[in-house]
1. Counting Lys and Arg as +1 and Asp and Glu as -1, what is the net charge of the other residues whose Cβ lies under 14 Å from the Cβ of residue 339?
2. How far is helix 268-280 tilted, in degrees, relative to the longest principal axis of the Cα atoms in the chain, given as a value from 0 to 90 rounded to the nearest 10?
3. Given charges of +1 on the Cβ of Lys and Arg and -1 on the Cβ of Asp and Glu, with all other atoms neutral, how large is the dipole of the chain about its Cα centre, in debye to the nearest 20?
4. What shape does region 133-262 take by its C-alpha gyration tensor, where a ≥ b ≥ c are the square roots of the eigenvalues and a/c under 1.5 counts as rounded, a/b above b/c as prolate, and the rest as oblate?
5. Please compute, for the alpha-carbon atoms of the chain, the extent along each of the three principal axes and give them in descending order in Å.
6. Can you tell me which lysines have their Cα less than 16 Å from the Cα of residue 340? Leave out same-chain residues fewer than eight positions away.
7. Considering only protein heavy atoms, what per residue accessible area in square angstrom results for the chain with a 1.4 angstrom probe?
8. Can you send over the carbon and sulfur percentage of the accessible area for the chain, probe radius 1.4 Å, protein chains only?
Amino acid sequence: MTRLSAFAASVAAIALTASVAQADTFTIGLSNGWVGSEWRTQMIEEAQAAAAAWEEKGHTVNVVVQSANVDVPGQIAHVRNFISQGVDAIIINPNSPTAFDPVFAQAKEAGILVISTDAEVSSPDAIYVGIDQTAWGARGAEWLAETLNGEGKVVAINGVAGHPANEMRVAGYRSVFEQHPGIEVVNEVNANWDQAQGQQAMQNLLATYPDIAGVWVQDGMAAGAWKSIQDAGKTGDIAATGEIRKDFIDLWTSEGLNSGATVNPPGVMASALNVAVFMLEGRELKEPATAGQYGNAMYLPIPFIDSSNLAEAAAQLEGKPGHYSYTSALSIEDAEALFK
């Protein structure tokens, strides 16, 4: 049996088990293995709001949240706790692409649907609902290459080394820059999706490479990087990718920064939750989740913010706190449209 056919059989088995369950009430476990940013907090809050919205559709969707700074074994413990609690589904933002295969197999054996979001997993007993992180990295690199007319020295500030989403994003921007021989990536550093570390990394890079023309930096760090660019008096000399947070959108607007931001919306977990409820009802996807390197992904659209739609993004964030991120998610109706 091929990996793809094995995955299809696995999903069918999970859907069959779910269809036997009571359709009125579902319990879904949410596992977040890192609490180092407001983005993750917003992700959980949007998923909780999505669960509450099902009341109007006649369902009670209870969510159980395990959110902590844990290593991979600690997050595996999250999953085992959910299995012991007898949840109907588990939605996880995973800290590893491969380490969960055995425990996801245990969840499947217990009749539990498993969906990863924000980072893909290799398990044939899970599906992924979220953006294509490789395409995310590539889109920002494409904007930067176009903005620089295909020439110039560039630095990259990456997230957490080894994290599956980070590694896919890095692969995405590298694939684009390789197509532009005039773009020279002079250094790549990690700043762990931390704004202060991003600011320090940018300060160090500017001291070493004062003639850089562009910066590819991931959200969570871009505001810090731009602060160092401004402090160095190079706002008009450097093009750099940006953030989707309100405080950065406001700065971008007021200062006229030369920036572009690829959106990984915090609503990805809410999207996954709405897909999960329909699968728990026993509904069948019109297009099976077979994309991605593991053949188990359902990719969501990736919005992009630049000067052409910056005002629209700012309008969505009006009245929100500075840490709030531009977002989008599959509504219940959007999710239902994916099913037969």
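1. -2
2. That works out to roughly 20 degrees.
3. Details: 17 positive and 39 negative charges, 113 e Å.
The calculation lands at about 540 debye.
4. Details: a/c = 1.31, a/b = 1.12, b/c = 1.17.
It is rounded, given that a/c, with a ≥ b ≥ c, falls under 1.5.
5. Reported extents, whole Å, longest axis first: 63, 45, 35.
6. Cα-Cα hits under 16 Å: 286.
7. Working: 13560 Å² over 340 residues.
Roughly 40 Å² per residue, with all protein chains present.
8. Values: 6730 of 13560 Å².
It is 50 percent, rounded to a whole number.
The values are calculated or read from the model by the stated rules, or taken from the named source; none is laboratory data. Model, not experiment: these values are computed from the prediction. Ideal geometry is used to build each Cβ from the backbone, glycine not excepted, and the neighbour counts take in all protein chains shown. Surface accessibility is based on the protein's heavy atoms, side chains included, excluding ligands, DNA and RNA. Shrake-Rupley method; radii C 1.70, N 1.55, O 1.52, S 1.80 Å.
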